[in-house]
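The values are calculated or read from the model by the stated rules, or taken from the named source; none is laboratory data. Only a predicted model underlies this, so the values are computations on that prediction, with no experimental measurement involved. Heads up, the Cβs are rebuilt from the backbone with ideal geometry, glycines too, and the neighbour counts pull from every protein chain shown.
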Amino acid sequence: MGKRPIVRARGKGSFTYRAHSHRWYGEVKHSKYDDAFRNGVIKGTITDLVKCPGHCAPLAIVEYENKEICFMFAPDNIRVGDEVYLGNKAPLQTGSTLALKNIPEGTSIYNIESNPGDGGKFVRAGGTAGKIIQVLPDEILIELPSRKQKKFNPECRATIGIIAGAGRTEKPFLKAGKKHWLMRARGKLYPRTSGVAMNAVDHPFGSGRGRHVGKPKTPPRFAPAGRNVGLLHARKTGRGKKS
């Protein structure tokens, strides 16, 4: 009998795993990467600050002088009516979006693009920021919030500042209902059930005498989707795996 672990149930797309995106304000990404951005500067004004259920940081609604309206993650110490800038000639201040090659070393940035023009993929959580470590002609070295260092294309864009909403993880969830509504707003399963607590038909680690896996937790290299659970592609397991 086939097994339906969480990875398969999520792919099925049932109501449990469907995010209520119709309640979100919109997609957060940088403005289009055109000649106006490459060769000049575009001024924008923050018209409102909103809380979106699909994001952990407050959003700022920005209206630019070319009549374009975009959402951006609100940086710290920003207010309604403040001005932000787009373009490679934008001033180096909080809220300005420039190409990485035009931002000096040591600057805190967020919403970093993975490829030029994709709108931003890295450092998008509340209270986080990356830091430019080294600027080279052909690559930019950035330290991410995880302390990992990653190289980026100099043409990729980022916003200067630190995302607002720091301290969100310090307040505990005093009731299970609070965590339930948070997870439901983003299409996440809550509460999570351990695989060893399930029946054998529901998970490869299910059933058995007590909560015991009963088999190696490292699945085969080419295991099918229903079997591919546990320590995936583990380099080292057992004793001494942290050494």
Does Gly106 satisfy the criteria of being surrounded by 21 or more Cβ atoms within 10 Å (Cβ to Cβ) and assigned by TED's automatic domain parsing to the domain that holds Ala57? no
The one condition in (1) of a type in the set (A, V, I, L, M); (2) touching a residue at least 40 places away in the same chain (Cβ under 8 Å); (3) closer than 16 Å to Ile163 by Cβ that Leu98 fails to fulfil: (3)
Based on what the data block shows, is Pro204 modelled with pLDDT under 90, buried (at least 16 other Cβ atoms within 10 Å of the Cβ) and not hydroxyl-bearing (Ser, Thr, Tyr)? yes
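Looking at this structure, is Val28 closer than 22 Å to Glu155 by Cβ, in contact (Cβ under 8 Å) with a residue 12 or more places away in the chain, part of a loop (DSSP other than H, G, I, E, B) and among the β-branched types (Val, Ile, Thr)?
Values: closer than 22 Å to Glu155 by Cβ: yes; in contact (Cβ under 8 Å) with a residue 12 or more places away in the chain: yes; part of a loop (DSSP other than H, G, I, E, B): yes; among the β-branched types (Val, Ile, Thr): yes.
Criteria met by Val28.
Do we find a residue being under 26 Å from Gly126 (Cα atoms) and modelled with pLDDT under 85 anywhere in the range 58-73? Spell out how you get there, then give the answer.
In the first step, residues of the range 58-73 are kept if they are under 26 Å from Gly126 (Cα atoms); the result is 58-64, 68-73.
Filter once more, so that each one left must be modelled with pLDDT under 85: none.
No, there is no match, as no residue in the range 58-73 is under 26 Å from Gly126 (Cα atoms) and modelled with pLDDT under 85.
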Of the residues in the range 169-209, those that are touching a Gly at 6+ places or on another chain (Cβ under 6 Å) and of a type in the set (Asp, Glu) come to none
Residues of the range 136-169 satisfying the condition of being of a type outside the set (Lys, Arg), within 19 Å of the chain's Cα centre (by Cα) and surrounded by fewer than 10 Cβ atoms within 10 Å (Cβ to Cβ): Gly167
Cβ-Cβ under 6 Å, sequence separation 6+ or interchain: first residue in the range 157-169 and closer than 29 Å to Lys89 by Cα, partner acidic (Asp, Glu) and surrounded by fewer than 22 Cβ atoms within 10 Å (Cβ to Cβ). Which pairs? Ile162/Asp76; Ala164/Asp76
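Taking Gly54 as the residue in question, decide whether it is under 20 Å from the mean Cα position of the chain (by Cα) and at pLDDT below 90. Give the steps one after another, and end with the answer.
On the way: under 20 Å from the mean Cα position of the chain (by Cα): yes; at pLDDT below 90: yes.
Here the answer is yes, as Gly54 does meet what is asked.
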Scan the range 80-127 residue by residue and report those that are aromatic (Phe, Trp, Tyr) and closer than 25 Å to Ser146 by Cβ. Tyr110, Phe122
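Return a yes/no flag: does the range 37-49 have any residue that is farther than 16 Å from Val84 by Cα, surrounded by 14 or more Cβ atoms within 10 Å (Cβ to Cβ) and touching a residue at least 24 places away in the same chain (Cβ under 8 Å).
Our first condition is that a residue be farther than 16 Å from Val84 by Cα; within the range 37-49, this holds for 38-39.
Checking the rest, the ones that are also surrounded by 14 or more Cβ atoms within 10 Å (Cβ to Cβ) come to none.
The answer is no, given that none of the residues of the range 37-49 is farther than 16 Å from Val84 by Cα, surrounded by 14 or more Cβ atoms within 10 Å (Cβ to Cβ) and touching a residue at least 24 places away in the same chain (Cβ under 8 Å).
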Please indicate, with yes or no, whether at least one residue in the range 65-72 is of a type in the set (Val, Ile, Thr) and within 30 Å of Lys179 (Cα to Cα). no
What is the residue count in the range 201-216 for residues that are in contact (Cβ under 8 Å) with a residue 60 or more places away in the chain and farther than 25 Å from His233 by Cβ? 1
